[in-house]
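What follows is a single structure, written as structure tokens, with notes after it.
The values are calculated or read from the model by the stated rules, or taken from the named source; none is laboratory data. It should be emphasised that the depicted structure is a prediction, and the values quoted were computed from it without experimental measurement. Glycine also receives a Cβ, built like all others from the backbone with ideal geometry; neighbour counts cover every protein chain displayed. To get the accessible areas, we keep the full protein, side chains included, count just its heavy atoms, and leave off ligands, DNA and RNA. Shrake-Rupley method; radii C 1.70, N 1.55, O 1.52, S 1.80 Å.
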Amino acid sequence: RRRPRPALAVAGLGLRRSLLDALQSAPDGAFDFLECAPDNWLGVGGRLGEALSELSHRHPLTCHGLSLSLGGPTPLDVDFLQRTRHFLDQHRVALYSEHLSWCSDDGHLYELLPLPFTEETVHYVAARIRQTQDILGRRIAVENASYYAVPAADMDEASFINAILDEADCDLLLDVNNVYVNAINHRYDAHDFLAKLPSARIASYHIAGHHDETDDLKIDTHGMPVKGDVWSLLSAAHALHGVRPTLLERDFNFPPLAELLEEVAHIRQLQQSIDLPLVAAHD
């Protein structure tokens, strides 16, 4: 007898150029999917383009944007979105997500900046998400961002996220590490925050490492192993919202691939540990 693996119990790894060779030679079944930022791959050909095509044919690919600037002050870049749609179609991408933040004005700022938690921002960002979905021809997910200051607020973060999800009619990519970091930095309860989010809109989870600057200041870096408290919060998210496809993010300070795959395996262990009915194994 064994527990069945839920259909949404899949664990992935970020596709980074520094990892290309290692990912191409990774053992079968080491991860269930890969995620890339299309912004970094649009128009890329040659050896790198061939490597991406080969990986996307062997493994399901999800995409997580970096530069759309959903909360930015300038009009959405329609040409960029049309090119992104072609990329998503070309690589058969089922999930595209972007950050609930802004990162550009007259040019790109190369930083994900926080949004005011206000009703005006809700209406503005929701309209831009709807426009994005229309141009891409698909539903998207938005990710809760890490932030270190709030420009203005007439509601709390969870209410802000919920209002945008409802008005835009989009999904949520729940970054568990960002919840942990924000909860420490802004003195709120991470479990209470999770409980306020809508299970039905959660499309996937992200998990990553962070830097402990002090006991009450955490920096979202994506450059370290996932910490124990964040693993525990992922388990809490499973209990509240159920298992979803979960990605391990690592953006720099890469260890050997085997160490990253140990973290991917831990995601799978947590996914499998949820309370499911036992079923008979078949020969």
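Structure values in brief
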| item | result |
| --- | --- |
| Over region 141-271: Rg over Rh, Cα atoms, Kirkwood Rh | 0.96 |
| Accessible area per residue, Å², region 11-274 with all protein chains present, probe 1.4 Å | 42 Å² |
| ³J(HN,Hα) computed for each position of region 168-173 - Karplus, 6.51 cos²θ - 1.76 cosθ + 1.60, integer Hz, glycine/proline x | 7, 6, 10, 9, 10, 9 |
| Rounded percent of accessible protein surface that carbon and sulfur make up, the chain, 1.4 Å probe | 52 percent |
| Hz values of 3J(HN,Hα) by residue in region 48-55 - Karplus curve (6.51, -1.76, 1.60), Gly and Pro given as x | 5, x, 5, 5, 4, 4, 5, 5 |
| Distance (nanometres) between label positions extended 7 Å along Cα→Cβ at Ala200 and Glu50 | 4.9 nm |
| Estimated distance in nm for a label pair at Phe254 and Arg268, the labels positioned 7 Å out from Cα along Cα-to-Cβ | 2.1 nm |
| HN-Hα J in Hz across region 151-164 - Karplus 6.51, -1.76, 1.60, θ = phi - 60°, x for Gly and Pro | x, 6, 7, 10, 7, 7, 4, 4, 5, 4, 4, 4, 5, 5 |
| Percent of Cα pairs exceeding the 30 Å cut-off, where the set is the chain | 29 percent |
| Relative contact order for region 11-274, counting Cα pairs under 8 Å that sit 6 or more residues apart, in percent | 17 percent |
| Other-chain or far-sequence residues with amide H under 5 Å of Trp102's (modelled H) | Gly71, Leu113 |
| Other-chain or far-sequence residues with amide H under 5 Å of Glu35's (modelled H) | Leu13, Gly14, Leu15, Thr62 |
